[in-house]
Amino acid sequence: MITILGAGGAIANELVKLLAARNQPFRLVGRSPRPTPGAIETVASDLTDQDSAIRAVAGSRVVHLLVGLKYDRRVWEDAWPRVMGNTIEACKRAGAKLVFFDNVYMYGRVNGPMTEETPFNPCSRKGEIRANIATRLVGEWKSGALTAMIARAADFFGPDARNSVPNLLVFEPFSRNKKASWLVDDSVPHSLTYTPDAARSLVQLAESATAWNQTWHIPTTPNPLTGKEFVGLAATEFGVAPRYRVLSRPMLRLAGWFDPLVAESHEMLYQSDSPYLFDSAKFTKEFGFAGTPYAESIRSTAASFKREA
């Protein structure tokens with residue numbers, strides 16, 4: 001049994017498609033999971049409760065931790081340590097291997113490409129939280145108590161990834177023939193992970209006998225686009241003029257007074273004011289896949305919005 005913790009999220013939905021197509025048995029776990037074609041089971045669970053987590057994971061061979069918590073520092077401070085601790089304990093009791101889908105917040109501001117060897121140097125509270133839970137998991141596998149891995153992604157976008165920043169700021173408005181937006185600086189390159197590539201990599205990593213007890217940067221196409229280039233390609237796919245505005249720090253700080261999500265995002269704007277370069281060469285060398293070209297991934301994401309419209 002493959003168990004997916006975080007049913008309904010962008011990465012989970014893509015992973016479900018792959019597992020269903022391969023006729024692999026999987027269980028979907030979430031607070032209120034919906035029945036999904038191909039799923040053997042759907043389990044309602046609160047992973048902040050240890051007993052609930054243990055029940056959700058029981059009988060699993062591989063567990064994918066793909067949970068997305070409310071984007072609120074206070075929620076993260078309280079819930080993430082418990083989610084990680086409970087998931088680790090549940091996997092130990094089940095004898096299951098754990099794949100944790102992670103982000104890059106723990107690296108902080110990096111001058112140059114981010115690699116698996118980049119030291120943790122968070123410059124945000126959310127980054128500190130992510131550094132702590134990642135460090136805890138690495139400690140578990142180094143001690144031999146658990147077989148696990150971290151699969152780390154850049155900012156992501158893709159079909160049905162409704163909460164991703166590029167989807168919200170670029171694809172959604174263009175699908176309505178409205179002006180798009182970009183954060184802080186549209187002249188710097190910004191790596192973006194394509195969600196179908198992320199799901200594909202999770203399957204490959206979990207099936208590899210030699211991938212465990214390591215951190216992997218999942219395939220993210222090299223030579224990333226600038227914001228201006230990304231917006232231009234997306235506009236072409238929608239057949240609209242590439243109209244967009246750059247949201248400055250003062251603008252976002254003001255907007256944060258009225259929108260809690262924008263306010264929570266403000267400490268992460270360092271990721272948008274300089275080159276954001278995510279290196280997944282380790283994965284490419286091992287598995288021979290470097291990610292879907294940006295033109296192709298932008299085309300398929302735009303197509304998903306056009307189908308919905």
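Quick notes on this structure:
- Residue pairs meeting the criteria (Cβ under 9 Å; at least 6 apart or on separate chains; first on the phi > 0 side of the Ramachandran plot, in the stretch 30-45; second open to solvent by less than 100 Å² (accessible area, probe 1.4 Å)): Gly38/Val16; Gly38/Leu19; Gly38/Ala20; Gly38/Ala21; Gly38/Gln24; Gly38/Pro25; Gly38/Phe26
- Of residues in the stretch 215-236 being of a type in the set (A, V, I, L, M) and part of a loop (DSSP other than H, G, I, E, B), the one least open to solvent (accessible area, probe 1.4 Å): Ile218
- Matching residues, the stretch 237-262, being surrounded by 16 or more Cβ atoms within 10 Å (Cβ to Cβ) and in a helix (DSSP H, G or I): Glu237, Phe238, Leu252, Val262
- Residue match in the stretch 65-75 (condition: surrounded by 15 or more Cβ atoms within 10 Å (Cβ to Cβ), assigned to a loop (DSSP other than H, G, I, E, B), of a type in the set (Val, Ile, Thr) and under 20 Å from the mean Cα position of the chain (by Cα)): yes
- Leading residue by the ranking (surrounded by the fewest Cβ atoms within 10 Å (Cβ to Cβ)) among those in the stretch 169-214 that are aliphatic (A, V, I, L, M) and closer than 20 Å to Ser265 by Cβ: Val188
- For the stretch 259-270, a residue qualifies if it is touching a helix residue (DSSP H, G or I) at 6+ places or on another chain (Cβ under 8 Å) and more than 22 Å from Lys178 (Cα to Cα), and the qualifying residues are Ala263, Glu264, Ser265, His266, Glu267, Met268, Leu269.
- When residues in the stretch 93-106 are screened for being open to solvent by 60 Å² or more (accessible area, probe 1.4 Å) and in a helix (DSSP H, G or I), 1 of them pass.
- Just so you know, in the stretch 149-168 the residues that are open to solvent by 10 Å² or more (accessible area, probe 1.4 Å) and hydrophobic (A, V, I, L, M, F, W, C) include one that is farthest from the chain's Cα centre (by Cα), and it is Leu168.
- Scope the stretch 42-69; condition touching a Leu at 6+ places or on another chain (Cβ under 9 Å) and over 23 Å from Leu205 (Cβ atoms); matching residues: Thr42, Val43, Ser45
- Residue in the stretch 107-139 that is farthest from Arg61 (Cα to Cα), counting only those that are open to solvent by less than 20 Å² (accessible area, probe 1.4 Å) and in contact with an Asp or Glu (Cβ under 8 Å, 6 or more places away or on another chain): Ser124
- Every residue from the stretch 235-258 that is more than 16 Å from Ala180 (Cβ to Cβ) and in contact (Cβ under 8 Å) with a residue 12 or more places away in the chain: Arg249, Arg253
- Among the residues of the stretch 16-35, those that are open to solvent by 70 Å² or more (accessible area, probe 1.4 Å) and in contact with a helix residue (DSSP H, G or I) (Cβ under 9 Å, 6 or more places away or on another chain) comprise Lys17, Arg22.
- Scanning the stretch 63-82 for residues that are touching a residue at least 40 places away in the same chain (Cβ under 8 Å) and either closer than 20 Å to Asn13 by Cβ or among the β-branched types (Val, Ile, Thr) (or both) returns Val63, His64, Leu65, Leu66, Val67, Gly68, Tyr71.
- Residue selected from the stretch 36-54 under the condition of a type outside the set (A, V, I, L, M, F, W, C) and part of a loop (DSSP other than H, G, I, E, B), by the criterion most open to solvent (accessible area, probe 1.4 Å): Pro37
- Arg55 satisfies every condition listed in (1) in contact with a strand residue (DSSP E or B) (Cβ under 6 Å, 6 or more places away or on another chain); (2) modelled with pLDDT of 95 or more except (1).
- Search result, residues across the stretch 17-42 that are modelled with pLDDT of 95 or more and among the β-branched types (Val, Ile, Thr): Val29
- Checking every residue in the stretch 7-23 against the condition of being over 20 Å from the mean Cα position of the chain (by Cα) and within 27 Å of Asn132 (Cβ to Cβ) gives zero matches.
The values are calculated or read from the model by the stated rules, or taken from the named source; none is laboratory data. None of the values given here were measured: they were computed from a predicted structure. Every residue, glycine as well, gets a Cβ built from its backbone with ideal geometry; the counts of neighbours run over all protein chains shown. Keep in mind that these areas ignore ligands, DNA and RNA; they rest on the heavy atoms of the full protein, side chains included. Shrake-Rupley method; radii C 1.70, N 1.55, O 1.52, S 1.80 Å.
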